[in-house]
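The values are calculated or read from the model by the stated rules, or taken from the named source; none is laboratory data. This one's a predicted model, so the numbers in the text were calculated from it and none came from an experiment. Backbone-built Cβ (ideal geometry, glycine too); neighbour counts: all protein chains shown.
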Amino acid sequence: MSRVKVALDANVPERVVRMLNSGFGGTSYEFHWEPDFAPANSPDEFWAIAFQRFGGSVIITGDKNIAKRPHQINAFRQCGLVGFFCSKTWNEFDLAYKCAHLIRWWPVIQAKIEEGYGASWWLPGGLSGDFKEVRVPGGLSKQNSVSGG
């Protein structure tokens, strides 16, 4: 079975990527940091294509402004990438919280990936809450949510 490639964008500290590889890289997942396969300042549309060509299928972004740029969310979808978007307050937290947050939510993220439903999801900002499907103007997604605890 091939491993699922998960990209974390430049808004996520590289140490978080290393932590995820250390904790979950032995499973059927491997984690990559966006600047390792595309320039860190490249637009999401560019690196989404680069990651897709690299064999990637999942992205996690810490971009607090992603909701203001629906064309970038659509770029992920057009590349067939399943997206997980941290809340806009995520960048205010320290490294330890960011690591704990993604570790906490990894089982739910993994379940969403395994469902095979290509969508984009908002991660809850805290350690409890529901995943909410990202809605893009134009009706490109249906409303959905998944409870995570």
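Scoring THR27 on the criteria (1) more than 19 Å from LEU123 (Cβ to Cβ); (2) buried (at least 22 other Cβ atoms within 10 Å of the Cβ); (3) β-branched (Val, Ile, Thr) leaves a single failure, condition (2).
Only one of these is surrounded by fewer than 20 Cβ atoms within 10 Å (Cβ to Cβ), among the hydroxyl-bearing types (Ser, Thr, Tyr), at pLDDT 90 or above and outside any helix (DSSP H, G or I): SER141, SER128. Name it.
Numbers: SER141 fails: at pLDDT 90 or above.
SER128 is the lone residue from the list that is surrounded by fewer than 20 Cβ atoms within 10 Å (Cβ to Cβ), among the hydroxyl-bearing types (Ser, Thr, Tyr), at pLDDT 90 or above and outside any helix (DSSP H, G or I).
Applying the criterion of being β-branched (Val, Ile, Thr) and more than 26 Å from GLN52 (Cβ to Cβ) to the residues of region 88-125, the residue that is modelled with the highest pLDDT is ILE103. All conditions in (1) among the aromatic types (Phe, Trp, Tyr); (2) in contact with an Asp or Glu (Cβ under 9 Å, 6 or more places away or on another chain); (3) closer than 21 Å to GLY23 by Cβ hold for PHE84, with the sole exception of (2). Looking only at region 1-24, which residues are surrounded by 15 or more Cβ atoms within 10 Å (Cβ to Cβ) and among the aliphatic types (A, V, I, L, M)? Once the filter is applied, which keeps residues that are surrounded by 15 or more Cβ atoms within 10 Å (Cβ to Cβ) and among the aliphatic types (A, V, I, L, M), region 1-24 yields VAL4, VAL6, ALA7, LEU8, ALA10, VAL12, VAL16, VAL17, MET19, LEU20. If only residues of region 74-108 that are of a type in the set (D, E, K, R) and part of a helix (DSSP H, G or I) are counted, the one that is farthest from PHE46 (Cα to Cα) is ARG104. Hey, any hits in region 35-57 for a residue that's under 25 Å from GLY126 (Cβ atoms), at pLDDT 90 or above, surrounded by 14 or more Cβ atoms within 10 Å (Cβ to Cβ) and not aliphatic (A, V, I, L, M)? No, region 35-57 contains no residue that is under 25 Å from GLY126 (Cβ atoms), at pLDDT 90 or above, surrounded by 14 or more Cβ atoms within 10 Å (Cβ to Cβ) and not aliphatic (A, V, I, L, M).
Could you tell me whether ILE113 is crowded, with 20+ Cβ neighbours inside 10 Å and on the phi < 0 side of the Ramachandran plot? It is false that ILE113 is crowded, with 20+ Cβ neighbours inside 10 Å and on the phi < 0 side of the Ramachandran plot.
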